[in-house]
Amino acid sequence: MSDARSPAQIEADIITRREQLAVVLDEIGVRVHPKTIIGDAKAKAAEAVDRTAGRAFVAVNRTVSDVKAQFVTEEGAPRLERVIPAALLAVGVVGLLTVSSRRKKR
């Protein structure tokens, strides 16, 4: 069997290769275009921000739930043995800050 190809076959192969090369070059041109690079960078940054914000939301939500569990029973009733001391502490801190700010104004 002969491996010799006719000039028409060679020419057809060259045309096919040129078309394939043109497609590849067009794809490369799109990938390295500044707008494409900027768009990709923006998308990656937005994804990172979304991921970070999501993690932060989960962490805050978990912390709030943990704190709430300290002051409220599973049925939703307040735990007075914890609420009253916390309220007294908050009133005390506000009172100290008020007295301190009044002394500074004099």
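No value in this document is a laboratory result; all are computed from the given coordinates. Just so it is clear, the model here is predicted, and its values are computed rather than measured. Note that we place each Cβ from the backbone using ideal geometry, even for glycine, and neighbour counts take in every protein chain shown.
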For helix 7-31, report the angle its Cα long axis makes with the longest principal axis of the Cα atoms of the chain; keep it between 0 and 90° and round to the nearest 10°. 20 degrees
Taking the Cα centre as origin and putting +1 on Lys and Arg beta-carbons and -1 on Asp and Glu beta-carbons, what dipole magnitude results for the chain, to the nearest 20 debye? 1520 debye
When the helix-only estimate is applied to the chain (DSSP H runs of n ≥ 4, each -39,500 (n - 2.57), divided by the residue count), what is the mean residue ellipticity at 222 nm, nearest 500 deg cm²/dmol? -30500 deg cm²/dmol
Neighbour net charge for PHE71 - beta-carbon separation under 9 angstrom, K R +1, D E -1: +3
Could you work out the local net charge near THR36, counting Lys and Arg as +1, Asp and Glu as -1, over the other residues with Cβ closer than 14 Å to its Cβ? +1
Under a Cβ-Cβ cut-off of 12 Å, what is the net charge of the residues other than ARG5 that fall near it, where Lys and Arg count +1 and Asp and Glu count -1? -3
Counting other Cβ atoms within 10 Å of each Cβ, which GluC sites (Glu not before Pro) in the range 28-106 have at most 13 and sit in a DSSP loop? GLU74, GLU75
Which of (1) 11, 14, 14, 14, 11, 10, 8, 7, 6, 5, 1, 0; (2) 13, 33, 22, 18, 12, 1; (3) 13, 37, 22, 13, 8, 5, 1, 0 gives P(r) over Cα pairs in 10 Å bins from 0, in percent as computed here? It is (1)
Whole-Hz ³J(HN,Hα) from phi, Karplus 6.51 cos²θ - 1.76 cosθ + 1.60, for the range 58-66, glycine and proline x: 4, 5, 5, 4, 5, 5, 4, 5, 5
